[in-house]
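Before any comments, here is the structure.
The values are calculated or read from the model by the stated rules, or taken from the named source; none is laboratory data. As the structure is a computational prediction, the values presented were derived from the model and not from experiment. Here the Cβ positions follow ideal geometry from the backbone for every residue, glycine too, while neighbour counts run over all protein chains shown. Each accessible area value is taken on the protein alone, full model and side chains, heavy atoms only, with ligands, DNA and RNA left out. Shrake-Rupley method; radii C 1.70, N 1.55, O 1.52, S 1.80 Å.
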Amino acid sequence: MCGICGIYNFHDKPVNERTIIEMRDIMVHRGPDGAGCFIDDYVGLGHRRLSVIDLSENGHQPMLSPDQKVSICYNGEIYNYLDLRGELINKGYSFRSETDTEVILYGFMEYGIEIIDRLNGMFAFTIWDEKDNKLYATRDRFGIKPLYYYYDNNNLIVASELKAILASGIDPIVDEQGFSEYVELQYCLSNRTMFKGINRLMPGHYLEYDYDLKKLKCVKY
């Protein structure tokens, strides 16, 4: 199952590693087999791992590219990852694990965020691209894997579960419409949640935050 979380602080404010750990570990039930944390100044990623493909430490996350410039936290399963792996090997990439995580990582390095068009599976992942100063968060076409986000003038926060975002320290203000929908329907409509400022990333969409442009966009792919 796995659990992912991340913080992108604006205005060059450093990420508190303790915050990432608290967000990550509140999702221990999603990934009892391992835990990882990556901090790069104003960006932080956390991961709880449920080992399915490649049970070794080679599958540890967050997973970084050989040049340490691209990092990924991933939850899901890519059904065509072996085909994609073969394509990337033919392009000169050398794999150190048997995971589908590394296939997405190298696929991003080769194709950019357009790699999601090539993925057949269920997934949610975040990618930090230090070279272009961009953070991405994406969700599969049917929304099988969950992903939530909070965005204000200070930061962008993403996580597999609502309570992980709340663990980041934001104020849990109830959204009356969202709460009403949940009580009546047992779910919230559209991208709404029960908390103001926290949205559900819709199926078949990705977020891109561009640090240079100071702009967040949500794209349907």
Open item on the list: Between Ile72, Ile104, which is within 15 Å of the chain's Cα centre (by Cα) and in a helix (DSSP H, G or I)?
Closed with: Ile104
TODO: Take the range 25-38 and flag every residue that is outside any loop (DSSP other than H, G, I, E, B) and open to solvent by 60 Å² or more (accessible area, probe 1.4 Å).
DONE: Val28, His29, Pro32
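Given the condition open to solvent by less than 10 Å² (accessible area, probe 1.4 Å) and among the polar types (S, T, N, Q), answer yes or no: does some residue in the range 74-83 qualify?
Within the range 74-83, one or more residues are open to solvent by less than 10 Å² (accessible area, probe 1.4 Å) and among the polar types (S, T, N, Q).
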Task: Looking only at the range 181-217, and only at residues there that are under 26 Å from Lys131 (Cβ atoms) and of a type in the set (Phe, Trp, Tyr), the one that is least open to solvent (accessible area, probe 1.4 Å) - done: Tyr209
- [ ] Report the residue count in the range 186-197 for those that are more than 16 Å from Gly143 (Cβ to Cβ) and among the hydrophobic types (A, V, I, L, M, F, W, C).
- [x] 2
Open item on the list: Among the residues of the range 115-138, what is the count of those that are open to solvent by 20 Å² or more (accessible area, probe 1.4 Å) and in contact with a Phe, Trp or Tyr (Cβ under 8 Å, 6 or more places away or on another chain)?
Closed with: 6
TODO: Considering only the range 153-174, state which residues are open to solvent by 40 Å² or more (accessible area, probe 1.4 Å), in contact (Cβ under 8 Å) with a residue 40 or more places away in the chain and of a type in the set (D, E, K, R).
DONE: Lys163
Task: Cβ-Cβ under 8 Å pairs, at least 6 apart or on other chains, the range 82-111 side on the phi < 0 side of the Ramachandran plot and touching a residue at least 24 places away in the same chain (Cβ under 8 Å), far side β-branched (Val, Ile, Thr) and open to solvent by 80 Å² or more (accessible area, probe 1.4 Å) - done: none
Task: Single residue of the range 39-67 satisfying the filter (of a type in the set (A, V, I, L, M, F, W, C) and within 15 Å of Ile127 (Cα to Cα)) that is surrounded by the fewest Cβ atoms within 10 Å (Cβ to Cβ) - done: Ile39
TODO: For residues that are part of a helix (DSSP H, G or I), open to solvent by 50 Å² or more (accessible area, probe 1.4 Å) and not acidic (Asp, Glu), tally how many sit in the range 84-100.
DONE: 2
- [ ] Count, please, the residues in the range 6-20 that happen to be surrounded by fewer than 17 Cβ atoms within 10 Å (Cβ to Cβ) and hydrophobic (A, V, I, L, M, F, W, C).
- [x] 1
